[in-house]
DNA sequence: ACTTTATGTAAGCATAGACTTACGTTTTAA
DNA sequence: TTAAAACGTAAGTCTATGCTTACATAAAGT
């Protein structure tokens, strides 16, 4: 259940920018920070948050560290979202038939 | 593309709780607030954020207001997540073949 | 017409967290 | 063996935002 961390990780704009830069392939921390409005240490902290959310993985290569997108966090998020589709439609169809205000206790 | 608002909306724990309570069907604002650790006005503010993110829709029924899950925000989020699957795998396969550190400019 | 119920909004406060500068560590190059 | 390059971490600041109390509005009951 890491969808909580994945959500708050991707909620921040600059952190999302860092994450999206990995779309075109793995990159070093320094490269990820280049051209951004924030400092390099800030990017390091963002990468830590992304890693703890299972959204990126890192590998040491020489004196730099290469980051890549990790699918675990993405899958956790996706299955969380998908869990709404079925449930919701059924519950709503029922609510419509009964033509009620609110009834359920949860 | 409202996936930004949807992400920051679902990032907050209590707001997520409110949203998840709609799983079992539409409910009034007051009913959604019952049993929560926060006050009722706080829930109202959360519902506003969820509405602006396209995650819930509301309808006035008598003197109460019924909220339901809106699929727009969920779909925006899902397509955002899905946009990573294809891109990423291709770019990474290439990076693996070339056996490189970081090369791309974006 | 008043009162009660159900809700949203305003203003202010308090904390989480995003950012900075400064420093420590490890690896490569001179 | 110094120096430099690439990175993470610490400590402190500042702002975004989640929360509260108080007030406003609107519908329904008496």
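So that you can scan it fast, the table gives a plain yes or no per residue for (1) more than 14 Å from DNA strand D (Cβ to nearest atom); (2) under 27 Å from residue B:74 (Cβ atoms); (3) in contact with a strand residue (DSSP E or B) (Cβ under 8 Å, 6 or more places away or on another chain):
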residue	(1), (2), (3)
A:12	no, yes, no
A:20	yes, yes, no
A:29	no, no, yes
A:41	no, no, no
A:45	no, no, no
A:58	no, no, yes
A:66	no, no, yes
A:74	yes, yes, no
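Are there helices (runs of 4 or more DSSP H) fully within segment B:11-52 with at least 1 residues that are more than 24 Å from residue A:2 (Cβ to Cβ) and more than 12 Å from the chain's Cα centre (by Cα)? List them. Walk me through how you get there before you give the answer.
Details: elements: B:13-21, B:29-33, B:40-52.
Correct list: B:29-33, B:40-52.
Kindly indicate which of A:49, A:6 is facing chain B (nearest Cβ under 10 Å) and modelled with pLDDT of 95 or more.
A:6
Determine which member of the set B:38, B:56 is within 21 Å of residue A:8 (Cα to Cα) and more than 12 Å from chain A (Cβ to nearest Cβ).
The unique qualifying residue is B:38.
In the set A:74, A:36, which member is touching a helix residue (DSSP H, G or I) at 6+ places or on another chain (Cβ under 7 Å) and touching a residue at least 60 places away in the same chain (Cβ under 8 Å)?
On the way: A:36 fails: touching a residue at least 60 places away in the same chain (Cβ under 8 Å).
Exactly one of A:74, A:36 is touching a helix residue (DSSP H, G or I) at 6+ places or on another chain (Cβ under 7 Å) and touching a residue at least 60 places away in the same chain (Cβ under 8 Å), namely A:74.
Regarding segment B:92-100, can at least one residue be identified that is at pLDDT below 95, within 8 Å of chain A (Cβ to nearest Cβ), surrounded by fewer than 20 Cβ atoms within 10 Å (Cβ to Cβ) and away from DNA strand C (no atom under 16 Å from the Cβ)?
Yes, that holds for at least one residue.
Pull up segment A:21-35, narrow it to residues that are at pLDDT 95 or above and more than 9 Å from chain B (Cβ to nearest Cβ), then point me to the one that is nearest to DNA strand C (Cβ to nearest atom).
Among them, the one singled out is A:33.
The values are calculated or read from the model by the stated rules, or taken from the named source; none is laboratory data. Just so you know, these numbers come straight off a predicted model, no measurement behind them. All Cβ positions, glycine included, derive from the backbone under ideal geometry; neighbour counts span all protein chains shown.
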